[in-house]
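For reference, the structure is listed below as structure tokens.
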Amino acid sequence: MDTPDVLAWRDGQIEALDQTALPHQVRVVRITTVDQLIDAITTLAVRGAPVLGAAGALGVALAVRQGDREGWDRSRLEAEVKRIADARPTAVNLRREVQAVAARIPQGRDAVEAAALAVTEFATAVSLRISRRGADWLRQACGDGRQGDGRLRVHTHCNTGRLACLGWGTALGVIRALHEDGALSHVIVDETRPLLQGARLTCWELGQLGIEHRLAVDGAAPFLISRGMVDAVVVGADRIAANGDVANKIGTYSLALAARQAGVPFLVAAPESTIDPATPDGAAIPLEQRPDEEVAVPAAPAGTRAINLAFDITPAELVSAVVTEDRVILPGQWA
């Protein structure tokens, strides 16, 4: 089935595939104002660290156009751009790309739009390099796999394919590369909160690609790994601290612990832009708290409060390797 672009800039507006509607409906939203963009980001209609970076970049271009229409002064424009950068605090790509494109504002609207489009093109290009590098590393690390046939059983979390990253993706791109090499048996996909992004989005993408997969509840994942059902765990990242600690979707830490206990590789696939030298370690990464209603309704009694963290931190010592478009970073290689 043909699907629209995940994110596009057309006629001075942002077009985005609404990821809250998938897999049951393919719906495109047209975003013409900063308020609409921030709503799309916070409701997870637009999501995934690289896509957030691209959306933030395009958001600056959108803000400039809206400011021209509505007669904003410089301070109002700066405030609106800051609102975009602050829309989700954990993923570093959003703030980084907003700031990079905002620096072009003094050069005029055309310069801003050119810089924003360059961000989206670069995000698409690097995902294929991450995918290939990660697949090659996994084949070397796992050999013929525990089944002995050279086809790996891979466990993944959240959604890290083209919906999140443009192009091939990061962790899901690695899986896709293994599949194309004939080196993939099947994928175990966690449901993944918030909003069951693994169940709704990753299973949909894998189905589109014809890749065999099984869905597991998050709580079962460590046990499945302990039972020898997995050759490797591959996840993405929303921010990687200077010491190698990894912020990723809630539930990642338990996978890393299980992988260490079971003696299987735990690979993080992410673009270089996700590495944040300004953040010394995981303790310094802000963790987004999602609304109570996402987990309390409809199962819990009315008024139940929730601890609904969107992300957790995996210590660097639990990560077998981080693969980016440029390199493989092994334990002990962080500053």
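If you go through the range 189-221 and keep only what is of a type in the set (A, V, I, L, M) and either under 17 Å from THR170 (Cβ atoms) or assigned to a loop (DSSP other than H, G, I, E, B) (or both), you end up with VAL189, LEU195, LEU196, LEU201, LEU206, LEU209, ILE211, VAL217.
From the list TRP137, TRP168, the one residue that fits, being of a type outside the set (Gly, Ala, Ser), surrounded by 17 or more Cβ atoms within 10 Å (Cβ to Cβ), outside any helix (DSSP H, G or I) and in contact (Cβ under 8 Å) with a residue 12 or more places away in the chain, is TRP168.
Among the residues of the range 250-274, the one identified as in a strand (DSSP E or B) and β-branched (Val, Ile, Thr) is VAL268.
For the range 305-335, filtering for residues that are part of a loop (DSSP other than H, G, I, E, B) and of a type in the set (A, V, I, L, M, F, W, C) leaves 7.
Taking the criterion of being farther than 28 Å from ARG151 by Cα, assigned to a loop (DSSP other than H, G, I, E, B) and among the hydrophobic types (A, V, I, L, M, F, W, C), the only residue of the range 222-249 that qualifies is ALA242.
For GLY251, are the conditions met, namely being touching a residue at least 24 places away in the same chain (Cβ under 8 Å) and farther than 26 Å from GLY143 by Cα? Here the answer is yes, as GLY251 does meet what is asked. When the criteria are applied in full, GLY67 fails the requirement of being touching a strand residue (DSSP E or B) at 6+ places or on another chain (Cβ under 8 Å), assigned to a helix (DSSP H, G or I), modelled with pLDDT of 95 or more and closer than 14 Å to THR33 by Cβ. Within the range 99-111, the set of residues being under 22 Å from ARG47 (Cα atoms) and hydrophobic (A, V, I, L, M, F, W, C) comprises ALA100, VAL101, ALA102. The condition (being more than 26 Å from SER131 (Cβ to Cβ), at pLDDT below 95 and not polar (S, T, N, Q)) is satisfied by just one residue among GLY332, GLY303: GLY303. Residues of the range 83-105 that are within 18 Å of ALA115 (Cβ to Cβ) and either part of a loop (DSSP other than H, G, I, E, B) or more than 16 Å from the chain's Cα centre (by Cα) (or both): ILE84, ALA85, VAL98, GLN99, ALA100, VAL101, ALA102, ALA103, ARG104, ILE105.
Taking the range 14-33 as the range and being surrounded by fewer than 22 Cβ atoms within 10 Å (Cβ to Cβ), of a type outside the set (Lys, Arg) and under 23 Å from ARG69 (Cβ atoms) as the test, the residues that pass are GLU15, VAL28, VAL29, THR32, THR33. Screening CYS203, CYS165, CYS158 for residues that are at pLDDT below 95 and closer than 26 Å to ALA45 by Cα leaves exactly one candidate, CYS165. Which one is surrounded by the most Cβ atoms within 10 Å (Cβ to Cβ), of the residues in the range 214-246 that are within 21 Å of GLY143 (Cα to Cα) and without any contact (Cβ under 8 Å) to a residue 40 or more places away in the chain? The extreme case among them is SER226. Could you tell me whether the range 59-70 includes any residue that is out of contact with any Cys (no Cβ under 7 Å at 6 or more places or on another chain), surrounded by fewer than 20 Cβ atoms within 10 Å (Cβ to Cβ) and either touching a residue at least 40 places away in the same chain (Cβ under 8 Å) or of a type in the set (A, V, I, L, M, F, W, C) (or both)? Yes, some residue in the range 59-70 is out of contact with any Cys (no Cβ under 7 Å at 6 or more places or on another chain), surrounded by fewer than 20 Cβ atoms within 10 Å (Cβ to Cβ) and either touching a residue at least 40 places away in the same chain (Cβ under 8 Å) or of a type in the set (A, V, I, L, M, F, W, C) (or both).
The values are calculated or read from the model by the stated rules, or taken from the named source; none is laboratory data. What you see is a predicted model, and the numbers here were worked out from it, not measured in a lab. Positions of Cβ are backbone-derived with ideal geometry, glycine not excepted, and every protein chain shown enters the neighbour counts.
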